[in-house]
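The values are calculated or read from the model by the stated rules, or taken from the named source; none is laboratory data. Note that this is a predicted model, so its numbers are computed, not measured. Using ideal geometry, Cβ is built from the backbone for each residue, glycine included, and neighbour counts are taken over all protein chains shown.
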4 protein chains.
Amino acid sequence: MGRVFDLPARPEMVVLCGRRKDAVHQDAARHGWREASDDWKSVLLRDDVHVVDICTPGDSHAEIAMSALEAGKHVLCEKPLANSVAEAELMAEAADRARRGGIQAMVGFNYRRVPALSLARELIEQGRLGTIRHVRAQYLQDWLLDPQAPLTWRLRAERAGSGALGDLGAHLVDLAQFLLDEDIVSVCGLVDTFVAERPLVDDAQRTGPVTVDDATMFTARFGGGALGTFEATRYAAGRKNGLRIEINGSAGSLAFDFESMNELSFYDATEGAETAGFRRILATEADHPYLGAWYPPGHVLGYEHTFTHQLRDFVTAIAERTTPSPDFAAGLRVQRVLDAVQRSAAHHSRWIPVGGGR
Amino acid sequence: MGRVFDLPARPEMVVLCGRRKDAVHQDAARHGWREASDDWKSVLLRDDVHVVDICTPGDSHAEIAMSALEAGKHVLCEKPLANSVAEAELMAEAADRARRGGIQAMVGFNYRRVPALSLARELIEQGRLGTIRHVRAQYLQDWLLDPQAPLTWRLRAERAGSGALGDLGAHLVDLAQFLLDEDIVSVCGLVDTFVAERPLVDDAQRTGPVTVDDATMFTARFGGGALGTFEATRYAAGRKNGLRIEINGSAGSLAFDFESMNELSFYDATEGAETAGFRRILATEADHPYLGAWYPPGHVLGYEHTFTHQLRDFVTAIAERTTPSPDFAAGLRVQRVLDAVQRSAAHHSRWIPVGGGR
Amino acid sequence: MGRVFDLPARPEMVVLCGRRKDAVHQDAARHGWREASDDWKSVLLRDDVHVVDICTPGDSHAEIAMSALEAGKHVLCEKPLANSVAEAELMAEAADRARRGGIQAMVGFNYRRVPALSLARELIEQGRLGTIRHVRAQYLQDWLLDPQAPLTWRLRAERAGSGALGDLGAHLVDLAQFLLDEDIVSVCGLVDTFVAERPLVDDAQRTGPVTVDDATMFTARFGGGALGTFEATRYAAGRKNGLRIEINGSAGSLAFDFESMNELSFYDATEGAETAGFRRILATEADHPYLGAWYPPGHVLGYEHTFTHQLRDFVTAIAERTTPSPDFAAGLRVQRVLDAVQRSAAHHSRWIPVGGGR
Amino acid sequence: MGRVFDLPARPEMVVLCGRRKDAVHQDAARHGWREASDDWKSVLLRDDVHVVDICTPGDSHAEIAMSALEAGKHVLCEKPLANSVAEAELMAEAADRARRGGIQAMVGFNYRRVPALSLARELIEQGRLGTIRHVRAQYLQDWLLDPQAPLTWRLRAERAGSGALGDLGAHLVDLAQFLLDEDIVSVCGLVDTFVAERPLVDDAQRTGPVTVDDATMFTARFGGGALGTFEATRYAAGRKNGLRIEINGSAGSLAFDFESMNELSFYDATEGAETAGFRRILATEADHPYLGAWYPPGHVLGYEHTFTHQLRDFVTAIAERTTPSPDFAAGLRVQRVLDAVQRSAAHHSRWIPVGGGR
């Protein structure tokens, strides 16, 4: 990111941690880390480490993040924040305490950093959509289509917490709450598992149970009255990373599909009918979020750059002593929605209020 | 239709009925009807009328359709079949009785006759999608965006039965059941009204209550296990007639949007990854449904032609003494789904089984 | 058209003419003509025939059109106007004479009547594109891909005049001149024939020479300084009726593809960069050309309706005693461009001025 | 690139050269170069420099590249290879000599490295398009729309050689020759300059003459008989980096637009008409060129990655002692086509054979 953006601080890549000694040394060398380690706890004791980026499965987020915050390290934690609301609450509290000491924490909802979606947020903030009526969000992948695909950690509840709900649905919930700057207040939903048994990773002759959802669908009501439909699945043949969101308001609409991540569709209902129409904004102009630092117009960005932007924002927040966004409280709010969906699903999909408040 | 298709019978346009004498005479002249009348009951007594096409609001479908069937007239009835399940059941029974006497009845779900959607049905029947996992159906319009739009009959429950649900949602439900050749067995859903009062048609200074839904969203489970999400609204800014449906199966996917009605997107998951991709089938080839009678490839059809095809199929069914599709039983099955959505909405959106059977 | 539009006159379908007696009687009955005839000359003598619509191959346009005009009949002539500039000049002169007697003549460039393209013309007239710099026009079909496709009249110069040039290129030239309201003043171009011999229509065992072009490409300069590239082919695999035109000006751009005939893409370069983008105008609003008479927004039109609009405009011009557009002079201007392309092709593609003037 | 690909060698970033001492030191620090220098000749004397990447304007390519090759450095040279055929010939000869000594030279036509376009080349090589009939290539930008945009080096012939022709057209020519694996053998074309004077970079109150073309259009014939139309412009309002190419063959078609760089459209004409259609291949599968090293499907790449791929291929060629592609001979072939276009433009656009041979 330092090659693209003017940063208020120059980050150094100190030490890469992992469980498998060989692999972590190899990867550290490849990616330019100064050192490698298989003991994250000792790393937290080091004085030359100021920032920790947690990229583990959800079951270890809480322990690592809270230890790191306690050790005075700034923390960027992969999404979803945790595997349960209880953990997420503890993490948010820890982050609150840390913030009072000048230590920052952020959740890795990287899709907020797609320039087209940052632009979407700006347009909504400016009131270009008027009163929001509808949010229509889908995250469609197809990598589980093959019933012989192996039972990785993502399909085991004890590691991943949930399936499509926490992996994909979490992004949708965060994005919707970010774009509208409103929380979801109640949901009704379902989760389903299409293929109940899959071959083990280490022994393809044997199978084990899939303990997470393959797909989830839920309806939501936002604080401001808007209605939302959400769907996440790993069984949508041909949709590879189809994170789509459409928002309809009284003054306009927005639509986005990550598979065309440099484009935002915008309809301005205040224009005359003669020339009104969804416009395809190619979000690569210098005036667009993050783009001032990049290429000339039309020279499109890719998935990778969402992480570049995320780190740039995190480093900037640390240097400027501001709260990064999304903070752990935002991560907790997402967790509460996911939890409410699961509880609704367990109660014949009836409406469930989302716990907690903003 | 007789100018395009080789029909087994030559229909004649005998008499146009309506409530307002002047208007109906004017329209009859304009559209080539031999006569006009403001008394539909007397028309049913005529020997030279063999087919009745009912295009009235939903509150009069049952009476007219049952009278016509009793009088031995073949009946094409506008959708939704009725304003209640009770009416629809009576109509389906009447149609059953009539059929035994060689009299046919059909419901006007014209979107089945979009060639791209007829083709979709064929591909699913051929097994090109494998086991269906997901149906994603939306019908998006925006003509109620303006809160000063008048309180027409479509916004009054006593005439229209329901709002977006019966007007738009009915098409989605019929299409989904048609395409999958499966019924929806249970639903959970909601209905909502965004603008509660609107100016009267006859006196814009006064307002009256909107008594139908502005939008509806529901989740459905099909007989074969597929999950469906449905949404219909008149508040989706910029979506003019956005009837969209996407279906994902274990072997492929289909997607359609009426605003590009000549196109069907098809993904074949059995192809090699190198060249697999959603293909835009321009459904204008001689091999496509209905197209053998039309123009050379690429010379696209319009909305109007869905009705041409509908009448062609109806006239053919009458002449060949086969049951037209969708018959009143299919219309009743749609009505039961709509009714279940309303009941679910009234019970905190909890799952409700759809009554009746196929 | 009378069922859709309020016409100043009520046309009657009097007599259908054709060469093959049986076929013409059958077609007349099917399409609602009162009579049929295989003798067009006698038809021109009738007092109850006031309008003649010529749909024959190009080699008979001149004779029929001039006879009809002389007989005092209004004439709508299929495009291209003629098979040579010489014929077209005679026809334009005849039309001029006839006009002075209140008799109108029009050429059937039906694509002008696509609402999205009529709208394009309006936007350009309003100055929304500023100074036009580029016209990029392609007409892509693929029906000659198969080298065994038969040698129909369209592939014989003595009947059709030329191939892709006159059949497809003529539409492009007329459209471009219509949209810019400027004439092409010079061209450089080429014509090519990929498959030189094809099976005879009547005897597939024998072949005959293809005497027209399979494809043509030409560059053009407009009176106002804009540059144009034109291409027409019957060998563009997968393009069925791909009439596409894009126009770039100093203040904006327009793009159109007939395969999505209800859509016009419009870019307004005077907008702020934040939200500028090509907008997809769905040309189905009541404010759009011709649409006031049709369906609600989003209920799209088809190919057929270009002819409905064409006849509506012709009948209106006749009734209102105004010159219809495009008149024969416009048809002649197209012919001159086609002729210049052929002459350039015969002279190593060097620039050739287009003869005549406006 | 070493973080993504397994490379046969580990490149080190030794020294960044530039004319302005301060700027080059700043940039070197920012981008991770060990040293900075404003004297490229001294750099060529260093033993620890083995590879030279030339990113200067075209007027210095020849001198630097030939000096570097002579000094035994591998050379990657920005496109177009040179500002004249004479220079390019000398460079190609120098590269030939160097190659015999194990020193490699390559031209930076980075768009060959867009995965979707590498895939296009593979499909054509496999014969999936049959006999190629048409190439339709456009490179559309709009950054000169504003007549007050300054007179940068790109608008001065003595630095840039030509304008849209060499900057944009060169990419099109290389891509077309790469995709078809055929050379263009003759062309007819034109160049034009819309805005003749522009404000000076250093003194906006004064203007200077634009000495390059703003736009170019040319028609080409390939060795195998295919016809091509080419157009490059900086005045296509709303097109930001619209490098588009469509290729039609007897068995299929391909289409690409860089603004959606992860997508390739492919039409297979050997499929049945029922399901044939242009498929949108999202070129992000592990089976696609370069993609095995990147993210899961659907996690799209950006402009930057074309350079990552280019360097990966160059480093691999050096390590494996194979000739990289495109080599300087390929760069020369492009130069000859550009030169022929300029000569044709100077001779009333008449057909000009492209000099040299493969």
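The table below lists the values:
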| quantity | calculated |
| --- | --- |
| D:Leu151 being touching a residue at least 24 places away in the same chain (Cβ under 8 Å), in the same structural domain as D:Ser344 (by TED's automatic domain parsing), touching a Lys or Arg at 6+ places or on another chain (Cβ under 7 Å) and of a type in the set (A, V, I, L, M) | yes |
| Qualifying residue in region A:34-53 (condition: outside any strand (DSSP E or B), among the small types (Gly, Ala, Ser) and in contact with a Gly (Cβ under 6 Å, 6 or more places away or on another chain)) | no |
| Qualifying residue in region C:307-321 (condition: buried (at least 22 other Cβ atoms within 10 Å of the Cβ) and among the acidic types (Asp, Glu)) | no |
| Test: C:Phe222 is among the aromatic types (Phe, Trp, Tyr) and more than 30 Å from D:Thr193 (Cα to Cα) | no |
| Some residue of region C:65-74 being surrounded by 17 or more Cβ atoms within 10 Å (Cβ to Cβ), touching a Pro at 6+ places or on another chain (Cβ under 7 Å), in a helix (DSSP H, G or I) and in contact (Cβ under 8 Å) with a residue 40 or more places away in the chain | no |
| Filter result for the condition that a residue is farther than 24 Å from C:Phe266 by Cα and either modelled with pLDDT under 95 or under 17 Å from the mean Cα position of the chain (by Cα) (or both), over C:Asp174, C:Asp192, C:Asp203, C:Asp183 | C:Asp203 |
| Residues of region D:123-139 satisfying the condition of being more than 23 Å from D:Leu81 (Cβ to Cβ) and either in a helix (DSSP H, G or I) or within 14 Å of chain C (Cβ to nearest Cβ) (or both) | D:Leu123, D:Ile124, D:Glu125, D:Gly127, D:Arg128, D:Leu129, D:Gly130, D:Thr131, D:Ile132, D:Arg133, D:His134, D:Arg136 |
| Of the criteria (1) surrounded by 19 or more Cβ atoms within 10 Å (Cβ to Cβ); (2) more than 23 Å from D:Glu182 (Cβ to Cβ), which one D:Ile132 fails | (2) |
| Any hit, region C:106-127, residues being outside the structural domain of C:Val52 (by TED's automatic domain parsing), surrounded by fewer than 20 Cβ atoms within 10 Å (Cβ to Cβ) and among the hydrophobic types (A, V, I, L, M, F, W, C) | no |
| Residue in region B:173-185 that is under 19 Å from B:Val334 (Cβ atoms), in a loop (DSSP other than H, G, I, E, B), in contact with a Lys or Arg (Cβ under 7 Å, 6 or more places away or on another chain) and not aromatic (Phe, Trp, Tyr) present | yes |
| Residues located in region A:3-22, provided they are under 15 Å from D:Arg3 (Cβ atoms) and outside any strand (DSSP E or B) | A:Arg3, A:Met13 |
| Residue within region B:207-222 that is surrounded by fewer than 23 Cβ atoms within 10 Å (Cβ to Cβ), in a strand (DSSP E or B) and among the aliphatic types (A, V, I, L, M) present | no |
| Residue match in region C:133-155 (condition: of a type in the set (S, T, N, Q) and within 30 Å of D:Asp214 (Cβ to Cβ)) | yes |
| Unique residue being among the small types (Gly, Ala, Ser) and more than 30 Å from A:Glu12 (Cα to Cα) when the list is D:Ala36, D:Ala9, D:Ala98 | D:Ala98 |
| Only listed residue being within 19 Å of the chain's Cα centre (by Cα) and either surrounded by 15 or more Cβ atoms within 10 Å (Cβ to Cβ) or among the hydrophobic types (A, V, I, L, M, F, W, C) (or both), chosen from B:Val52, B:Val24 | B:Val52 |
| Residue satisfying condition, being in contact with a Leu (Cβ under 9 Å, 6 or more places away or on another chain), touching a residue at least 12 places away in the same chain (Cβ under 8 Å) and small (Gly, Ala, Ser), within set B:Ser37, B:Ser118 | B:Ser37 |
| Candidates B:Gly249, B:Gly272, B:Gly242, B:Gly292, filtered to the one that is in the same structural domain as B:Arg133 (by TED's automatic domain parsing), crowded, with 23+ Cβ neighbours inside 10 Å and not acidic (Asp, Glu) | B:Gly249 |
| Lone qualifier among A:Ala120, A:Ala62 - being in a helix (DSSP H, G or I), within 23 Å of A:Val43 (Cβ to Cβ) and modelled with pLDDT of 95 or more | A:Ala62 |
| Residue in region D:30-39 that is within 25 Å of the chain's Cα centre (by Cα) and among the small types (Gly, Ala, Ser) present | no |
| Residues satisfying the stated conditions in region C:223-233, i.e. surrounded by 24 or more Cβ atoms within 10 Å (Cβ to Cβ) and assigned to a loop (DSSP other than H, G, I, E, B) | none |
| Enumeration of residues in region D:143-184 that are surrounded by fewer than 17 Cβ atoms within 10 Å (Cβ to Cβ) and in contact with a strand residue (DSSP E or B) (Cβ under 8 Å, 6 or more places away or on another chain) | D:Pro147, D:Gln148, D:Ala149, D:Pro150 |
| Extreme residue, nearest to the other protein chains (Cβ to nearest Cβ), among residues of region B:21-70 that are hydrophobic (A, V, I, L, M, F, W, C) and under 26 Å from B:Gly163 (Cα atoms) | B:Cys55 |
